[in-house]
Amino acid sequence: MKKRSFVATLALTALLTACGKNDAPKPAAEAPAPAPVAAAVTKLVVGLDDNFPPMGFRDEKNEIVGFDIDMAREAAKRAGIEVEFKPIDWNAKEAELLGKRVDALWNGLTILEERKEKILFTDPYMVNKQIIIVKAGSPIKTKADMAGKIVGAQEGSSAVTAMEKDKELSSQFKETKLFGDNIAALMDVEAGRLDVVVVDEVVGRYLVSKKPDNYVVLADDFGTEDYGVGFRKDDEATRNKINDVLAEMKKDGKAEEIAKKWFGADVIKH
């Protein structure tokens, strides 16, 4: 009897122990590690063509100045970040941006649908045209007169894209010559080596104003376009910050003030 009671007691103890193990609270699962927080941007490296007056160029002291330079400096100041200007090969601008050698493209960069595939743009801050410039006294009076002529533009520029879209006309050019910058192209027009230059209006009119008796801007053009600041697709936070600041600058009149300094008129897209 004592033996049976002892065995029963052992069995009951084992059963209670087993139940206790099953009912015991399970250790809490380790919480997932928090997602890394992106470091706050403290510096913005702006890629530009430093021979693109009046947007960005070097003055007599070899310092980089211009409309976009003033806009970027003011925007960076309001955003509380440092800005550095880095001259690049504008024809390789997308590679410079995507390769993280620069953080933004801010130098009369046209917003194009094909560029949106790789670049994240701010809202437009300026409207521009692709104008046609010829030498004073040229028989070329309209776009149609460009057929059979040697036409020039800056390599990698929106002027090239605009002309390519007008396939009917561009296919009739005698030759299309591409230049490293617009100043070199205009020098060839003046020297008679080139018949026509297609260029951004903001740049073209600025350069023509330096020698108004040497050039003529035709009434025709290759269409209008918007300028924006370009960022990498994964840098939405910085884009948004600059976008907000640009909106402030438009609203409080600072953008207009900078525009009038360089163009004598409000060319800002509000």
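The values are calculated or read from the model by the stated rules, or taken from the named source; none is laboratory data. What you see is a predicted model, and the numbers here were worked out from it, not measured in a lab. Cβ coordinates were reconstructed from backbone atoms using ideal geometry, including for glycine residues, and neighbour counts include every protein chain displayed. Ligands, DNA and RNA are stripped out before the accessible areas are found, and what is left, the full protein with its side chains, is counted by its heavy atoms. Shrake-Rupley method; radii C 1.70, N 1.55, O 1.52, S 1.80 Å.
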Looking only at the stretch 88-102, count how many residues are of a type outside the set (Lys, Arg) and more than 13 Å from residue 49 (Cβ to Cβ).
-> 5
Which residues, taken from the stretch 185-206, are over 16 Å from residue 223 (Cα atoms), at pLDDT 90 or above and part of a helix (DSSP H, G or I)?
-> 185, 186, 187, 188, 189, 190, 191
Test for residue 162: is it on the phi < 0 side of the Ramachandran plot and either in contact with a strand residue (DSSP E or B) (Cβ under 6 Å, 6 or more places away or on another chain) or at pLDDT below 95 (or both) | yes
Only residues that are at positive phi and small (Gly, Ala, Ser): list them for the stretch 87-133, please.
-> 108
Within the stretch 55-66, residues being crowded, with 21+ Cβ neighbours inside 10 Å and part of a loop (DSSP other than H, G, I, E, B) number 2
State which residue pairs qualify: first residue within 15 Å of residue 149 (Cα to Cα) and inside the stretch 163-188, second residue small (Gly, Ala, Ser) in any location, beta carbons under 6 Å apart, and separation of 6 or more residues or different chains.
-> 163/170; 172/147; 174/148; 177/152; 185/152
Please indicate, with yes or no, whether at least one residue in the stretch 231-242 is aliphatic (A, V, I, L, M), at negative phi, open to solvent by 40 Å² or more (accessible area, probe 1.4 Å) and under 24 Å from the mean Cα position of the chain (by Cα).
-> yes
Among the candidates 152, 137, 223, 156, residue that is open to solvent by less than 50 Å² (accessible area, probe 1.4 Å) and in a loop (DSSP other than H, G, I, E, B) | 156
In the stretch 67-108, what residues are open to solvent by less than 20 Å² (accessible area, probe 1.4 Å) and without any contact (Cβ under 8 Å) to a residue 24 or more places away in the chain?
-> 69
Do you know which residues across the stretch 109-124 are open to solvent by 10 Å² or more (accessible area, probe 1.4 Å) and either touching a His at 6+ places or on another chain (Cβ under 9 Å) or closer than 18 Å to residue 155 by Cα (or both)?
-> 111, 112, 114, 115
Which of the residues that make up the stretch 159-184 are open to solvent by less than 70 Å² (accessible area, probe 1.4 Å), among the charged types (D, E, K, R) and part of a strand (DSSP E or B)?
-> 177
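Yes or no, residue by residue, for (1) polar (S, T, N, Q); (2) closer than 22 Å to residue 262 by Cβ; (3) more than 21 Å from the chain's Cα centre (by Cα):
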site: 149; (1), (2), (3): no, no, yes
site: 155; (1), (2), (3): no, no, no
site: 168; (1), (2), (3): no, no, yes
site: 191; (1), (2), (3): no, no, yes
site: 202; (1), (2), (3): no, yes, no
site: 210; (1), (2), (3): no, yes, yes
site: 215; (1), (2), (3): no, yes, yes
site: 223; (1), (2), (3): no, no, no
